[in-house]
Amino acid sequence: MILQFQKGDIVRHLGLLDLQRTMQRALRRSGLPIAYSKGFSPHIVMSFASALSSGIPGDAELLDVGLTDETTEEACLTAMNRVLPPSLAVSRVRLVDDRYPKLGAALQQAQYRITLRGGGTKAVAGAIDGFLAQQEIMALRKTKKSETMVNIRLMIHELTAAYDETQDCAVLTARVSFVEAATLKPELLMESLCAFAGAQPERCEIRRTALLGLVDGKPVPLIDL
Amino acid sequence: MLKEKIDGLLDRVQKPARYMGGEMNCVLKDPDSVAIRYVFAFPDVYEVGMSHLGSRILYDIINKREDALCERVFMPWVDMADLMRSEDVPLFSLETRTPVGDFDMLGITLQYEMSYTNILEILNLARIPMHSEDRTWDHPIVIAGGPCAFNPEPLHHFIDAFSIGDGEISTLETIDVVKACKAEGVSRQECLRRLSKLRGVYVPSLYEATYHEDGTLASFEPTEEGVPRTVVKNMVADLDKAEYPESIIVPFMEIVHDRINIEVLRGCTRGCRFCQAGMIYRPVRERSVEHLLDLAQKLVDETGYEEITLSSLSTGDYTCLPQLAHELMEKFAEKRIALSLPSLRLDSQLKETLEETQKVRKTSLTYAMEAGTQRLRDVINKGITEEDLISSVTDAFAGGWSSVKLYFMFGLPTETTEDLDGIADLAGKVVRQYFATPKNLRAKGLRVNCSASCFVPKPFTPFQWEPQDTIEQFTEKQKHLCQIMRIKGVEFNWHEPHVSFLEACFARGDRKMADVLEAAWRLGCRFDGWSDQFSFEKWMQAFEQCGVDPAFYANRRREKDELLPWAFIDAGVTQAYLWRERERAMQAQVTPDCRKGCQGCGLKRFEGACEGR
Ligand code: SF4
């Protein structure tokens, strides 16, 4: 089954290990027919579509869990929400069979909502069109192994802003590449954008809103492939 | 406003999950729906405090009341504590992020002496006046309990009331009194007076201590009519009737004991003469197998934990342990739940059970030998022999275990070099036993972990009159041990004597130690139990500022007739019994486990204790 759950604001600091442990224990409490791995120390067969870094909340995170028996989507939804704290509530369950693509492998893009407030917010929001009009946006992409300059323009698929004058607040929607060789972190995107705008908002809150695959070149939520 | 500010701090600290709250099974109540808001503080970091069983029991008991709520707070790590000061954020509860100072009652658990500076830090971060006499009804009533409350004097100035002994009933009684006092509108002073009349409750401000010129205690008396001269510890006679949580909080972050913990029995009757817990938690009381199985089932369903620990001072002594272990394993085999049995006594008949446990996990075996020779083990009444150890490890090595832990103490009364050499001797014999095991049976990778800690004499033990070794003596012995412990296959660890020295000062301290504590905290001491935070220099400076000699507490032999600062507490075991045991110790005479015959320790004076013995 695929669980779509939120990583709420108060638990945004949970790292992958904490989240894994919490989900495992919740699954054990749920009474659902959960599949265990074989071997000396059996564990629950489950995998997250993508690990969300500590500090960032998410609206529609995905977890794939193996089941051993028939059940219904409603039963799973109720069972999971009985055993999870509200900050990790499940919003959707989809029962899929083994032929369903592996979430991690099918993942192509991620969508973020980035809220800017105060300081250079207006300037940053206003710079988006110019920013996107560039042929090439070079940025320093850091991975565990290396640091390379890459053209991140190709990784930005959508970037729009709604600016609210009275609140001095801008809500950006960003859809970016999320595949192994070309993942654009929202922090890096903001860094480049702010550098281009020559301005810095006072606060910047990032939230992941969707994990997407591609069907005929169009983005589709991973749970709906 | 405060809540957002706290949220902002969490982005800037090392382990935000410590302050997050909102874990599964945490209890959220509407503060307006209750008469008493209680906040329970564990004076160490979250992952340590959340592992403490007693706190979980009290959290559950208070929250079961309709008229009260209980929230939690832990000592913020130094990064958070410093941020809270610079950002002007008061200490807050995890459940609702309410300032700790806004609660009606603040309960603090005293598990080890080296957490005392953290208590002052907690009061300060909570903006509660440091001294009891400066508090008003605008501040919570500060109550402390736990093993260290058996000598409360070093904290007398900071705590409004101590609860001594089992907390299950006492906690509820103190809540009743505070609730009634608030409803009637009586003064805080009157509230404290009423608390002092409860069994097991000690209100230090209602007593006065005077001292002889040599610094020893001259008199200790209540200052008011009607305040009891002796404070009698609380004891829950029937554990099956006592409340036990059927649901516990499941933390997000990994904590020290991250599993279900079921207390199978309380107390211990073996009578090890160095062990305070064994004396103050007497008599032995067991939970029934049915009750334990029922609790285990409920807790498994409620938590999803994958491991159950049967805990107590000596789980191996539980009468029906083989039956209980067997039934638990049977019940949870399908759910793949591991069962671990800590504080394993090697002279208990556990082989059968062990073989079953091993199916699930092969953990290392622990042997608390405590002393290196039979003579010294007789002195401390540790009923384990070399043969017990060797025969147990022989079986274990043949059964596929390869990891053994041996615990020792050094600095014990009457100890000589021969006793220290005995430690190396035992470790060497364990190693030889491993190599004597046929290769096809034994597992690879022998690990004998041998650790030696410095002996700390504790109140309410037969060694409460004994001097502790000086730091110099400890260091000498430690050097000798390091030399002789260079044995292949053995890893040797020892504890630094400086912390043990301070522990000894507080364990048997009087009211003057409260001034030293406050001075040390003002010099910046906190988290003294964490070696990276501990500063012995600052502590010595604090002693100097107060004109107090630490050796007076740690290294002095007390006479039989000296009035001890904790003598006003009736801990169950009588002073006469303790002295008798001391005399036997000096003659290396053992005293058998009192389940084989009552030794007249004094507990029989308590209702419902030791029936049929
Ligand atoms: S009164 Fe007797 S039986 Fe009871 S704990 Fe003391 S020595 Fe043991």
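Summary of values
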read-out: Scan of region B:592-612 for residues that are assigned to a loop (DSSP other than H, G, I, E, B) and either within 24 Å of the chain's Cα centre (by Cα) or within 9 Å of the ligand (Cβ to nearest atom) (or both), ordered by number; value: B:ASP593, B:GLY597, B:CYS598, B:GLN599, B:GLY600, B:CYS601, B:GLY602, B:PHE606, B:ALA609, B:CYS610
read-out: Qualifying positions in region A:173-191 - open to solvent by 20 Å² or more (accessible area, probe 1.4 Å) and modelled with pLDDT of 95 or more; value: A:THR173, A:ARG175
read-out: Close pairs from region B:584-613: first farther than 12 Å from B:ASN381 by Cβ and of a type in the set (Gly, Ala, Ser), partner within 9 Å of the ligand (Cβ to nearest atom) and open to solvent by less than 20 Å² (accessible area, probe 1.4 Å), Cβ under 7 Å, at least 6 apart; value: B:GLY600/B:TYR577; B:GLY602/B:GLY572; B:GLY602/B:VAL573; B:GLY602/B:TYR577; B:ALA609/B:PRO283; B:ALA609/B:LEU603
read-out: Residues located in region B:550-584, provided they are within 16 Å of the ligand (Cβ to nearest atom), assigned to a loop (DSSP other than H, G, I, E, B) and at negative phi; value: B:ALA571, B:VAL573, B:THR574
read-out: Within region B:272-281, considering residues that are open to solvent by 10 Å² or more (accessible area, probe 1.4 Å) and in a loop (DSSP other than H, G, I, E, B), the one farthest from the other protein chains (Cβ to nearest Cβ); value: B:PHE274
read-out: Candidates B:SER205, B:SER219, B:SER247, filtered to the one that is part of a strand (DSSP E or B) and more than 29 Å from B:ALA609 (Cβ to Cβ); value: B:SER219
read-out: Selection from region A:192-209 of residues that are closer than 19 Å to A:LEU222 by Cα and either at pLDDT below 95 or open to solvent by 20 Å² or more (accessible area, probe 1.4 Å) (or both); value: A:ARG207, A:THR209
read-out: Evaluation of B:ILE143 against (1) under 15 Å from B:ALA514 (Cα atoms); (2) assigned to a strand (DSSP E or B) (one fails), failing number; value: (1)
read-out: Selection from region B:289-312 of residues that are away from every other protein chain (no Cβ under 14 Å) and within 24 Å of the chain's Cα centre (by Cα); value: B:LEU292, B:LEU295, B:ALA296, B:THR309, B:LEU310, B:SER311, B:SER312
read-out: Output for region B:414-428, where each listed residue is touching a residue at least 24 places away in the same chain (Cβ under 8 Å) and either open to solvent by 60 Å² or more (accessible area, probe 1.4 Å) or not assigned by TED's automatic domain parsing to the domain that holds B:PRO457 (or both); value: B:THR417, B:GLU418, B:ASP421, B:ASP425
read-out: Candidates B:ALA504, B:ALA551, B:ALA542, filtered to the one that is farther than 16 Å from B:TYR112 by Cβ and crowded, with 20+ Cβ neighbours inside 10 Å; value: B:ALA542
read-out: Some residue of region B:176-199 being in contact with a helix residue (DSSP H, G or I) (Cβ under 6 Å, 6 or more places away or on another chain), surrounded by fewer than 21 Cβ atoms within 10 Å (Cβ to Cβ) and of a type in the set (S, T, N, Q); value: no
read-out: Residue that is nearest to B:ALA504 (Cα to Cα) [pool: residues in region B:313-324 that are away from the ligand (no atom under 14 Å from the Cβ) and either within 14 Å of another protein chain (Cβ to nearest Cβ) or among the polar types (S, T, N, Q) (or both)]; value: B:THR315
read-out: Only one of B:LEU265, B:LEU295, B:LEU299 that is open to solvent by less than 30 Å² (accessible area, probe 1.4 Å), within 16 Å of the ligand (Cβ to nearest atom) and among the hydrophobic types (A, V, I, L, M, F, W, C); value: B:LEU265
read-out: Criterion violated by B:VAL284 - all others in (1) farther than 30 Å from A:GLN20 by Cβ; (2) away from the ligand (no atom under 16 Å from the Cβ); (3) touching a helix residue (DSSP H, G or I) at 6+ places or on another chain (Cβ under 8 Å) satisfied; value: (2)
read-out: Matching entry among A:THR121, A:THR143, A:THR148 (being over 30 Å from A:ALA35 (Cα atoms) and open to solvent by less than 50 Å² (accessible area, probe 1.4 Å)); value: A:THR121
read-out: Enumeration of residues in region B:467-484 that are in contact (Cβ under 8 Å) with a residue 12 or more places away in the chain and open to solvent by 10 Å² or more (accessible area, probe 1.4 Å); value: B:PRO467, B:ASP469, B:THR470, B:ILE471, B:GLN473, B:THR475, B:LYS477, B:GLN478, B:HIS480, B:CYS482, B:ILE484
read-out: Residues within region A:24-71 that are open to solvent by less than 30 Å² (accessible area, probe 1.4 Å), away from chain B (no Cβ under 12 Å) and within 30 Å of B:ASP7 (Cβ to Cβ), tallied; value: 8
read-out: Residue in region A:73-80 that is open to solvent by less than 30 Å² (accessible area, probe 1.4 Å) and either of a type in the set (Val, Ile, Thr) or closer than 17 Å to A:ASP9 by Cα (or both) present; value: no
read-out: Subset of region B:230-248 (residues that are more than 30 Å from B:ALA371 (Cβ to Cβ) and either in contact with a helix residue (DSSP H, G or I) (Cβ under 7 Å, 6 or more places away or on another chain) or open to solvent by less than 10 Å² (accessible area, probe 1.4 Å) (or both)); value: B:VAL231, B:ASN234, B:VAL236, B:LEU239, B:ASP240, B:ALA242, B:GLU243, B:TYR244, B:PRO245, B:GLU246, B:SER247, B:ILE248
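The values are calculated or read from the model by the stated rules, or taken from the named source; none is laboratory data. All figures in this text were calculated on a predicted structure; none of them were measured in a lab. With ideal geometry, Cβ positions are generated from the backbone for all residues, glycine too; neighbour counts draw on all protein chains shown. The area values use the complete protein model at the heavy-atom level, side chains included, leaving out ligands, DNA and RNA. Shrake-Rupley method; radii C 1.70, N 1.55, O 1.52, S 1.80 Å.
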